[in-house]
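Notes to accompany the following structure.
The values are calculated or read from the model by the stated rules, or taken from the named source; none is laboratory data. Because the structure is predicted, anything quoted here is derived from the model rather than measured. So basically every Cβ, Gly included, is an ideal-geometry build from the backbone, and we count neighbours across all protein chains shown.
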Ligand code: ARG
C-alpha cells in the first residue's frame, strides 16, 4: 500500500525527469522534488514547490551550456512549472493542477479516486504504509533495580511502547528490550546491607516490600560508616567474582524489583518486554574491549581505558579500578544487538540527559564497523515531567511520586468524572455499574498516555490531572467520546456492515471531502512516525480527525438522509482509523460511553 503523498510525488518525479532530464543528474532528489500537503484547501490538496529550485539549476552555467540550442529554455519559474505540468503522465489520481504565484503548482486530487481509495479501507481495514520488514530492537523503560521506577521511566515506557506498536503495524519485527539497571557498584552497598541487617536472610528472606526505603537505609550507612563502605567495596568484588552467596542476595533484590515493575507494565498494557539487563552483558565485555583495542580505538588515561568521541568526556571502556560500567555495558549491548540479534535498527528511549552518552556509543559503534550492513541507530530523547508548579514532579510532601499511586489516581478521578456525568441532567453517558470500573481504567490510563504523547517529546510537560481529563481539551477522553459518538450513530442507523460493502463515500460536500482526504493521509502519518519516532504526530492526526468529523456531522445529516449509506461509510471508516490510531498510542477506546 503506497501513501497518497508518494503516489502524487511519483507523478511529479516522472514529469520533472521528462521535462528536464538534466535535473535529476545534477542535484539530490530532496532538493528538486518538493511535494507537500497544503494548509489551505483553496490551494488544492497538495502543492509542488519544485520550480524555483529547478529554475536555479537551469540558470547554472554548466546546465545552460547543456541547454544551449534549446529554443524555449524556461525564463522564469512559472515557465518551469508549465513544462512540468505538460509532462505529468496520464493517471487516475489528479483532477487538475493550477500554477500560482511565482510558480507553485497547486494539485487537486480526483474525487472519484479519493472515494475509491477510501472505500478500500472499509473493505481491508486501515493499512500501514509499504515498507521493507526489518529487525528492530527497541530499548525502553529500563528502570533500575532496588530503586523506584520514576516518571522518567514512565515516559520511556509510554513512548517506547507507542513506537513499538507503530513499527509492528508497519510490518517490522520488534524486540522490546528492558535494559534494566541490575548491575554496578551500588550492589555492593545493597548486598552488604542485606547481609548485615538481615543476617539469616538465606533461611528467611526479608520482606522488602519497599525497596526505596531499603535503598535509602543502605545509602545512609554507606555515606556515614567507613567500615560499611569498605565492606561494600569488597562485596562488589565478591559479587563480580561470582560468589554464590552474593549472587543469591543480588537475585533476591532483583526479584523484588521485578514484581514492582511488572505491576506498572500490567496496568499500562505493556506486554512482551524482554528483560535483558546490564548484567546480561558482563561476560561479553572483555572481548569487546579487546576488539576495540585491536581496532586502535582505546587509549590509556590515568589507569583507565578510554575511547575519545570528540566530546568533553570520553567513553570509559574500563574504569581505573579495572571494573566495567554503564559505558562498557552499552558498547557491548550495541554490538550484541547489531551482530547477534542482527538488528537493522536499534532504538533507545531515554531522557534527553543521556543524549551525549548515546551519541558517543553510536560514534564508537560506527567506527568499530558494527553498522557496516547499513544498520540505523536512533536515540529517542524526551524532556522532563513537571508538576503543577512547573517544578520537577513530586508529591506535596516532597517525596518522589510512586508510579502506581499516580496511575491509581488517574483511574479514581476518571471514575468520579464518569459518575458525575451519569448524574448530570441531559447527559448521554449511560453505563451499567459493572462496566464503570473497566471504563475508568481505560480512560484513566488512556489520559495519562495521551497527555504524555501529545506534545513533542523533547519538550518538558506539565503533569496535570485536570488538563489530561478535560473533556473539551486535546485529551484521550475527548477522543474517546468522539469515537463513542460515531459508534452510536452507526448503531442508531441500524445498518449492517455488509450492506455498505459496495457503497462509495459521498465526497461532494466540502466537509465530506476534507474528512475523507484527511483519513487517507493516515498511512503517511504512520510512515513519518516510523521514521522520526515522534508519536505526537499521531495525536495531532487523531485530534484533527475528531475535529473534522464534528465539522462534517454538524453540516451533513447522516441518519434518514438520502445519502445515509454514503455517509455511514464515512462514519464506519473514520471509527476504524481512530481506533487503530489510538491503539498505536496504547489506548483502547470504549465502544459506548
Ligand atoms: N537504566 C537507565 C536509567 O534509568 C536507562 C537505560 C537505557 N538503556 C541503555 N541501553 N543505556 O537511566
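May I ask you to list pairs of residues, at least six apart or on different chains, whose Cβ atoms are under 6 Å apart, with the first in the range 114-128 being touching a residue at least 24 places away in the same chain (Cβ under 8 Å) and the second being in a loop (DSSP other than H, G, I, E, B)?
From the range 114-128, the pairs are 114/507; 115/504; 115/505; 115/507; 118/505; 119/504; 127/1; 128/170.
Take residue 188 and tell me if it is over 14 Å from the mean Cα position of the chain (by Cα), within 12 Å of the ligand (Cβ to nearest atom) and under 18 Å from residue 231 (Cβ atoms).
Here the answer is no, as residue 188 does not meet what is asked.
State whether one or more residues within the range 193-213 are within 16 Å of the ligand (Cβ to nearest atom), closer than 25 Å to residue 349 by Cα and modelled with pLDDT of 95 or more.
Checked against the condition, which is being within 16 Å of the ligand (Cβ to nearest atom), closer than 25 Å to residue 349 by Cα and modelled with pLDDT of 95 or more, the range 193-213 yields no hits at all.
For residue 283, indicate whether it is free of Cβ contacts under 8 Å to residues at least 24 places away in the same chain, in a helix (DSSP H, G or I) and under 34 Å from the mean Cα position of the chain (by Cα).
Criteria met by residue 283.
Mind checking which residues of the range 303-327 are closer than 13 Å to residue 362 by Cα and assigned to a helix (DSSP H, G or I)?
Residue satisfying the conditions is 327 alone.
Under the condition of being modelled with pLDDT under 90 and in contact with a helix residue (DSSP H, G or I) (Cβ under 6 Å, 6 or more places away or on another chain), which residue from the range 405-430 is farthest from residue 477 (Cα to Cα)?
Per the criteria, the residue is 427.
Would you confirm whether any residue within the range 355-369 is away from the ligand (no atom under 16 Å from the Cβ), farther than 30 Å from residue 540 by Cβ and buried (at least 17 other Cβ atoms within 10 Å of the Cβ)?
yes
Out of the residues in the range 333-354 that are assigned to a helix (DSSP H, G or I) and closer than 21 Å to residue 456 by Cβ, state the one that is nearest to the ligand (Cβ to nearest atom).
Among residues in the range 333-354 that are assigned to a helix (DSSP H, G or I) and closer than 21 Å to residue 456 by Cβ, the one nearest to the ligand (Cβ to nearest atom) is 354.
Given the criteria within 22 Å of residue 45 (Cβ to Cβ), buried (at least 18 other Cβ atoms within 10 Å of the Cβ) and under 21 Å from the mean Cα position of the chain (by Cα), does residue 541 qualify?
yes
Okay, residues lined up against (1) outside any helix (DSSP H, G or I); (2) at pLDDT 90 or above:
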| residue | (1), (2) |
| --- | --- |
| 7 | no, yes |
| 12 | no, yes |
| 16 | no, yes |
| 25 | no, no |
| 36 | yes, yes |
| 52 | no, yes |
| 69 | yes, no |
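When only residues in the range 122-154 that are away from the ligand (no atom under 11 Å from the Cβ) and in a helix (DSSP H, G or I) count, which is farthest from residue 502 (Cα to Cα)?
151
Do you know which of the residues in the range 370-379 that are closer than 21 Å to residue 529 by Cβ and buried (at least 17 other Cβ atoms within 10 Å of the Cβ) is nearest to the ligand (Cβ to nearest atom)?
Checking each candidate, the answer is 379.
Quick check on the range 162-176. Is at least one of its residues surrounded by 23 or more Cβ atoms within 10 Å (Cβ to Cβ) and within 16 Å of the ligand (Cβ to nearest atom)?
Within the range 162-176, one or more residues are surrounded by 23 or more Cβ atoms within 10 Å (Cβ to Cβ) and within 16 Å of the ligand (Cβ to nearest atom).
Does residue 548 qualify as being within 28 Å of the chain's Cα centre (by Cα) and within 26 Å of residue 422 (Cα to Cα)?
no
Out of all the residues in the range 447-459, is one or more touching a helix residue (DSSP H, G or I) at 6+ places or on another chain (Cβ under 8 Å), free of Cβ contacts under 8 Å to residues at least 12 places away in the same chain and in a loop (DSSP other than H, G, I, E, B)?
no
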